[in-house]
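Encoded as C-alpha cells, the structure appears first; notes follow it.
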C-alpha cells in the first residue's frame with residue numbers, strides 16, 4: 001500500500017465515524033418525534049372513542065393523510081415505534097369467555113401450557129370486543145361474515161380437541177362481568193355472564 | 001435557578017456511565033424471548049398449525065399487510081418450490097430460538113439481532129389475534145439490539161473476532177435515546193389511563209382483581225369498602241405519568257425505579273402476565289439501573305521495571 005493511502009485511510013475512517021455520529025444524531029431526533037406524534041395520535045383516538053367526542057378535522061387530516069403514509073407506517077412497524085402504549089386504558093373492559101356445550105356437558109379450549117391459555121384469553125377478549133363494537137354499526141357485512149368464519153374455526157377446534165361424541169356442538173361467545181364497586185356496595189354481588197353470540201356446528 | 005435544575009437532572013458523564021446496560025439489554029431480552037417462545041411450544045400447533053384454533057388462512061386475512069406472515073411466506077414460496085406449510089413452520093420454529101441464542105452469546109450479534117427482530121415480527125404478525133403487550137415491547141427491545149453496539153461487551157464477537165469497543169460518547173447517545181423512549185412509553189401509558197374515569201375512581205383496579213385475577217385462591221371482595229382500589233388506581237397513574245420526571249432526578253431515581261419494578265411484579269403476580277412484566281423490568285433496569293452502577297475502582301497497573309528503577 002502506498003504511503004499516500006496509509007495517511008488517507010485514518011482520515012477516511014474518522015470522517016466516516018463522524019458522519020455516522022451525525023446521522024445517528026439526526027435519526028434519533030426523528031425517531032423520538034415519530035414516537036411522540038404516534039403516541040399523541042393514539043391517546044387522542046382513545047379519548048375520542050371513549051367519550052364519543054366529535055373528531056377534530058385538521059388533526060384527523062394531519063394523521064390520516066400526512067403522517068400515516070405508507071413509508072411511515074412501514075417505519076413504525078419495523079421499529080415498533082408506531083404502536084400505542086396505553087394498555088388497559090382508558091378503562092379495563094370485561095373479559096371474554098368462549099364456552100362449548102353439547103349434550104348438557106360444557107367444553108372449553110384445552111392447552112398444555114399457561115402461555116397459550118393466556119394468549120387464548122386475549123383471542124377471546126378480542127372476539128367478544130369485536131362483537132360489542134360492531135353493535136353500534138350496521139354496515140359491516142363482510143366483516144360479520146369473516147367473524148362467522150372465525151367463530152366456526154374456533155368451534156371446530158374445540159369440538160375436535162374435546163373428542164365430542166355428540167353430532168353437534170354449540171359454542172358461545174360471552175362476556176364475564178363482575179359488579180362495579182357501586183353495585184357491589186349496594187348488595188349486587190353475583191358475577192354475570194352475557195351471551196353475545198352462539199354458533200352451532202354439526203357433523 | 002438554571003444550575004439548580006441542571007443539578008437535579010444531573011446524569012453521570014459519558015465516561016463514568018456503566019456500559020453494562022448494553023449487556024443487560026442483549027442478554028435480558030434474548031433470554032426472556034427464548035423462554036417465552038419455549039413456553040409456547042407445548043401448544044404451538046394449537047396456535048400456528050393448519051389445525052389451529054384460528055386456521056392460518058383465516059388469520060392471514062386480517063394480518064397487517066405491511067409485513068408477511070408465516071402463511072403468506074408459505075404461499076409465496078409454494079409457487080417456486082413444492083413445500084408443505086408444516087415445513088415452513090418448522091423452519092421458523094427452529095430458526096427464531098437459534099437466533100436468540102446467538103444474540104444471547106453475542107455471536108454475530110448484529111445479524112442475529114436483525115434476524116431475531118424480523119422473525120419475531122413475522123411470527124407476531126401470524127398470530128395477530130393472540131398478540132398482547134409483551135410482543136410489542138419485545139419488538140422494541142430487539143429493534144434497539146439491532147441499532148446499538150450491544151455486541152461490543154461480554155460477547156463472543158469480542159472474544160473471537162476482537163470487536164472494538166465503541167466510544168463512550170456513542171454509548172451515551174444510545175442510552176439517552178433508549179431512556180427517552182422508555183420515558184415516553186410510561187408517560188403516554190399514564191396519560192391514557194388518566195383520561196378514563198375508571199382509573200381515577202378505583203374501578204379499574206377492582207375489575208382487574210376480579211376479571212383478570214390469576215391468583216384465584218385469593219379473594220379480593222373485602223376491598224369494596226376500603227379506599228385501596230382508589231389509592232392503587234391513582235398510584236398507578238401517577239407512577240407512570242410522572243415517570244419521566246422522577247426517574248431522571250438523581251435523588252428520586254432509585255425510589256421510582258423500585259416503584260415501577262414493584263408495579264410490574266404485581267402485574268405478573270395478580271394478572272399472570274409473567275413475560276410482559278419480565279420484559280418491562282429488563283427495559284427499566286437497562287435504562288435506569290445498569291448505567292448508574294458504580295464500577296469497581298480500577299486496579300492500578302503494576303509499574304514496569306524501568307519505572308520502578310527510576311522511582
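A short reminder: the numbers here are calculations on the coordinates, not readings from a lab. Bear in mind the structure is a predicted one, so any value in this text is a computation, not a measurement. For neighbour counting, all protein chains shown are included, and Cβ atoms are generated from backbone atoms with ideal geometry for every residue, glycine included.
Which of the three applies to region A:95-202, rounded, prolate or oblate, going by the alpha-carbon gyration tensor with a ≥ b ≥ c and a/c under 1.5 meaning rounded? Oblate.
Calculated FRET efficiency, residue B:31 to residue B:61, Cβ-Cβ distance, R0 = 25 Å: about 0.15 to the nearest 0.05. Taking A:65, A:91, A:130 in turn, the Gaussian network model of chain A (Cα-Cα springs below 10 Å) assigns the largest fluctuation to A:65.
In a fully extended conformation the segment linking residue B:84 and residue B:225 would gain 44.9 nm over its present Cα-Cα distance, using 0.36 nm per residue.
Find, to one decimal place in angstroms, the Kirkwood hydrodynamic radius of chain A, where the mean of 1/r is taken over every pair of different Cα atoms and then inverted.
Working: mean 1/r = 0.0453 Å⁻¹.
Result for chain A, one decimal place: 22.1 Å.
What angle, in degrees between 0 and 90 and rounded to the nearest 10, separates the Cα long axis of helix A:114-133 from the longest principal axis of the Cα atoms of chain A? Roughly 80 degrees between the two axes.
Multiplying each eigenvalue of the alpha-carbon gyration tensor of region A:15-108 by 5 and taking the square root yields semi-axes of 40, 21, 12 Å, largest first, rounded to whole angstroms. With the simple model of a label 7 Å out from the Cα in the direction of the Cβ, residue B:164 to residue A:112 spans 5.0 nm. Going from the fewest other Cβ atoms within 10 Å to the most, the residues A:122, A:127 appear in the order A:122, A:127.
Listed highest first by mean packing, meaning other Cβ atoms within 10 Å per residue, what order do B:94-100, B:174-180 come in?
Output ranking for B:94-100, B:174-180: B:174-180, B:94-100.
Other protein chain C-beta atoms within 10 Å of residue C-beta, averaged over A:75-84: 6. Can you classify chain B as rounded, prolate or oblate using the Cα gyration tensor, where a ≥ b ≥ c are the square roots of its eigenvalues, rounded means a/c under 1.5, and otherwise it's prolate if a/b beats b/c and oblate if not? It is oblate, given that a/c is not under 1.5 and a/b is not larger than b/c.
Over the whole of B:129-136, what's the average partner chain Cβ count within 10 Å per residue? Rounded to a whole number, please.
Values: counts 11, 9, 4, 8, 5, 3, 3, 5.
Mean inter-chain Cβ contacts per residue within 10 Å come to 6.
The order of B:43, B:135, B:221, going from fewest to most other C-beta atoms within 10 Å of their C-beta, is B:221, B:43, B:135. Peptide B:172-184 shows a mean partner chain C-beta count of 3 within 10 Å per residue C-beta. With the alpha-carbon atoms of the protein assembly as shown aligned to their principal axes, the span from lowest to highest coordinate is 97, 64, 50 Å, starting with the largest. Just to be sure I understand the curve: with the Debye formula and one point per C-alpha of region B:23-82, what is log10 I(q)/I(0) at q = 0.19, 0.23, 0.30 Å⁻¹? Here log10 of I(q) over I(0) equals -0.86, -0.97, -1.09. Compared with the dominant Cα axis of chain A, that is its longest principal axis, helix A:141-161 is turned about 70°. Legend: ranking of residues B:169, A:45 from fewest to most surrounding C-beta atoms inside 10 Å; resulting order B:169, A:45.
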